[in-house]
Each structure stands twice: as structure tokens, then as C-alpha cells.
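J.: The structure follows.
Read the figures in this text as sums done on the coordinates, not as results from a lab. What you are looking at is a predicted structure, and each value in this text was computed from that prediction instead of being measured. Neighbour counts run over all protein chains shown; Cβ positions are idealised from the backbone, glycine included.
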Amino acid sequence: MHILKFSQLAILVPFALLCLAAAMSDSAAKALGDQPSSPAVHIVYTERPQDEEPEAYHIRTLSAVLGSEDAAKEALLYSYKSAASGFSAKLTPEQVEQISKQPGVLQVVPSRTYQLHSGPNNLH
């Protein structure tokens, strides 16, 4: 039986971890590659509409990309009207690219959820 020396383990373990990380990264990329146009929630920041209700303006902006008012209403998740002007909607990467070019659209960002760690039991 061959026993590995500490110096050999010091080289082998990081190498094995690196290979494992690369394999996991590759399989995650393949999984994502299988669904290149799956919709994800994005927040679309727009100029504040002047002579139109915000939700109607948001639906009209979405309709220009999705092709119909019904599709826009289905994709629209929420209209922001007070502190910011914009909306959240489920969009494919291609739709994000298209809506970014629409007049009045200022910015499109993926929606992210952050978990807050607070309280006496959640301190780390």
C-alpha cells in the first residue's frame, strides 16, 4: 500500500477541488444553456408618463415587444407608480434586449431577492 505524504496531499486536494468546481460549473452552464430563452423576472424603469395612467403606459410599452395587450397583461407582475416609475415583468433575454430599446425605457435589471439576517437567532 502506498501512503501519500503531506506535501503530496497539499497539492492533490486543491487540484481535486478545482476539478470538482470546474465540473459543477460546466454542468450548471449546460443546464442554463438548455433554456436560453426562459422568462425571468426583470424590473423595467421608465420615464414617468405625462398624460397617461402609469399601468396603461407600462402595458403599452410591454405590448410593443410582446405583440399584444393580452400578452403584456399576462407578463406584467407589478406597476411601480409612487417612488419610481416602472414595472416588473417576466421577460426572456431577447425581450429584455428589445424592451431596452423602447422609447421611455431607462433601465432593465434582473429582479433579485435578498434574505435579511436579523434578530438574535440569526446573527452570524
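J.: Mind listing whichever residues of the stretch 93-121 are part of a helix (DSSP H, G or I) and crowded, with 18+ Cβ neighbours inside 10 Å?
T.: Within the stretch 93-121, Q95, V96, I99 qualify.
J.: Output the residues belonging to the stretch 74-92 that are assigned to a helix (DSSP H, G or I) and surrounded by 14 or more Cβ atoms within 10 Å (Cβ to Cβ).
T.: Answer for the stretch 74-92, where residues must be assigned to a helix (DSSP H, G or I) and surrounded by 14 or more Cβ atoms within 10 Å (Cβ to Cβ): just A75.
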